[in-house]
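Trainee: Structure incoming, see below.
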Amino acid sequence: MEICPGKPYPLGASYDGYGTNFSIFSEIAEQIDLCLFDDSDGETRIALPEVTAYCWHAYLPGIHSGQRYGFRVHGPWEPSAGNRCNPAKLLLDPYAKAIEGEIVWNRAVYPYRMGSSDDGIDRADSAPFVPKSVVISPHFDWGDDHHLRHPFNETVVYEVNVRGFTRTHPDIPEDIRGTYRGIVHPETLEYFKGLGITTVELMPVHRFVHDDILLRKGLRNYWGYNSIGYFSPHSGYSCTAKAGRQVQEFKNMVKILHDEHMEV
């Protein structure tokens, strides 16, 4: 696979139509592997060759939107100093714009040995049990969309949970209930406008996880306050499981709300 000189900034995966630049920050790493996953979860590891201002980076031609990836960090295992580098553990890109898959709470997802002191390193591979970051295309037709900037003294804020508000609404088609598309269905928009809403405040919509203790009880994280990807819209609110599709749906939701003179 061809590897070309890349750029340290912006952090994350930046797709330009021909390939993708990857960049991740670490002050203590001795090596960082970019891990690319195919449709069968086969893994290709590429040691990032360049370091600029603690940013490890490379540009890979031919890596397109939809590519799933993660990182493995080689470096010191010194829990007493707060350093827990463990290349057996696949890490999400903290700047990932899309994340695919759910955590399976296998012991391999933990960096230390379960049932003993957390100083002991666990070398089981976590990749089969953790979500993957996804390269996305930045292209989207925003048209003449712009910030509305309603004056504060005229602002009426409506706080809403994407899934909860639309999940059982009888007038919203069943296939888009609980999704970003459900939030901008005509029935929803009519309700918002009837209340005089100027600003829709969405409860957590960045990527979050369902805790092990909840799953073992047959429950889920309803409110979303356990985020693992602050730059990635939550895929559980998307109409499709296709990698990265949640980004397009989220942007479309924002655009439609703006068209209806509502801030987000």
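The values are calculated or read from the model by the stated rules, or taken from the named source; none is laboratory data. As the structure is a prediction and not an experimental result, all values here were calculated from the model. All Cβ positions, glycine included, derive from the backbone under ideal geometry; neighbour counts span all protein chains shown. To get the accessible areas, we keep the full protein, side chains included, count just its heavy atoms, and leave off ligands, DNA and RNA. Shrake-Rupley method; radii C 1.70, N 1.55, O 1.52, S 1.80 Å.
Trainee: Taking the chain as a Gaussian network, Cα atoms linked when under 10 Å apart, which of Ala96, Ala53, Ala127 shows the biggest mean-square fluctuation?
Mentor: Ala53
Trainee: Also: Compute the separation of the alpha-carbon centres of segment 36-83 and segment 138-205 and state it in Å as a whole number.
Mentor: The two parts, judged by their Cα centres, are 36 Å apart.
Trainee: Please list, short to long, the whole-number percent of alpha-carbon pairs of segment 89-160 in consecutive 5 angstrom bins beginning at zero.
Mentor: 3, 12, 13, 11, 11, 11, 9, 8, 8, 7, 6, 1
Trainee: Let me ask you something else. Full extension from Phe25 to Arg149: what is 0.36 nm times the residue separation minus their Cα-Cα distance, to one decimal in nm?
Mentor: Length gained between Phe25 and Arg149: 41.2 nm.
Trainee: Turning to a different aspect of this structure: Gain in length, Ala81 to Tyr18, computed as 0.36 nm per residue apart minus the alpha-carbon separation, to one decimal in nm?
Mentor: Length difference between fully extended and current span is 18.5 nm.
Trainee: Have a look at the chain and give its Rg and Dmax from the Cα atoms, expressed in angstrom.
Mentor: 20.7, 59
Trainee: Report the calculated FRET efficiency for Tyr54 and Ala241 (r = Cβ-Cβ distance, R0 = 45 Å), to the nearest 0.05.
Mentor: Step by step, r from the Cβ atoms, then E = 0.80.
Trainee: Per residue of segment 191-204, what does 6.51 cos²θ - 1.76 cosθ + 1.60 with θ = phi - 60° give for ³J(HN,Hα)? Whole Hz please, x for Gly and Pro, Karplus curve as stated.
Mentor: 5, 4, 5, x, 8, x, 5, 10, 9, 9, 9, 7, 5, x
Trainee: How fast does segment 63-112 diffuse by Stokes-Einstein, in µm²/s, taking the Kirkwood radius from C-alpha pairs at 4 °C and 1.567 mPa s?
Mentor: Approximately 101 µm²/s, per Stokes-Einstein.
Trainee: To the nearest 20 debye, what charge dipole does the chain have about its Cα centre, counting +1 at the Cβ of each Lys and Arg and -1 at the Cβ of each Asp and Glu?
Mentor: Using Cβ point charges on Lys, Arg, Asp and Glu, the chain gives about 520 debye.
Trainee: Mind giving me the nanometre distance, one decimal, between the label points for Glu260 and Ala124, set 7 Å out from Cα along Cα→Cβ?
Mentor: 4.7 nm
Trainee: Shifting gears a bit: What percent of all Cα-Cα pairs in segment 1-136 falls in each 10 Å bin, counting up from 0?
Mentor: With a bin width of 10 Å, the distribution comes to 13, 43, 33, 10, 1.
Trainee: Right, another one. Which value, in Å³ per residue, describes the convex hull spanned by the Cα atoms of segment 183-264?
Mentor: It is 115 Å³ per residue.
Trainee: Using the Karplus curve 6.51 cos²θ - 1.76 cosθ + 1.60 with θ = phi - 60°, what ³J(HN,Hα) values do you get for each residue of segment 47-55, in whole Hz, with x for Gly and Pro?
Mentor: With the stated coefficients, segment 47-55 comes to 6, 5, x, 10, 9, 10, 6, 6, 9 Hz.
Trainee: Compute the projected area of the convex hull of the Cα atoms of segment 13-90, averaged over all viewing directions, and report it in nm² to one decimal place.
Mentor: Orientation-averaged projected area of the Cα hull: 5.5 nm².
Trainee: At a 1.4 Å probe radius, carbon and sulfur cover how many percent of the accessible area of the chain?
Mentor: Of the solvent-accessible surface of the chain, carbon and sulfur hold 52 percent.
Trainee: Once both axes come from the Cα atoms, what is the angle between helix 245-259 and the longest principal axis of the chain, in degrees from 0 to 90, rounded to 10?
Mentor: Between helix and principal axis, roughly 30 degrees.
Trainee: In debye, nearest 20, what is the charge dipole magnitude of segment 1-57 about its Cα centre with +1 on Lys and Arg Cβ and -1 on Asp and Glu Cβ, if you could check?
Mentor: Result for segment 1-57 is approximately 260 debye, rounded to the nearest 20.
Trainee: Distance in nm between label sites at Lys193 and Asp141, each 7 Å beyond Cα in the beta-carbon direction?
Mentor: Label at Lys193, label at Asp141, 2.2 nm between them.
Trainee: Report the equivalent ellipsoid semi-axes for segment 126-264 in whole Å, largest first, defined as the square roots of five times the eigenvalues of the gyration tensor built from alpha carbon atoms.
Mentor: Sorted largest first and rounded, they come to 27, 18, 15 Å.
Trainee: In addition: Taking only protein heavy atoms into account and a 1.4 Å probe, give the accessible area per residue of segment 113-264 in Å².
Mentor: Solvent-accessible surface per residue comes out at 56 Å².
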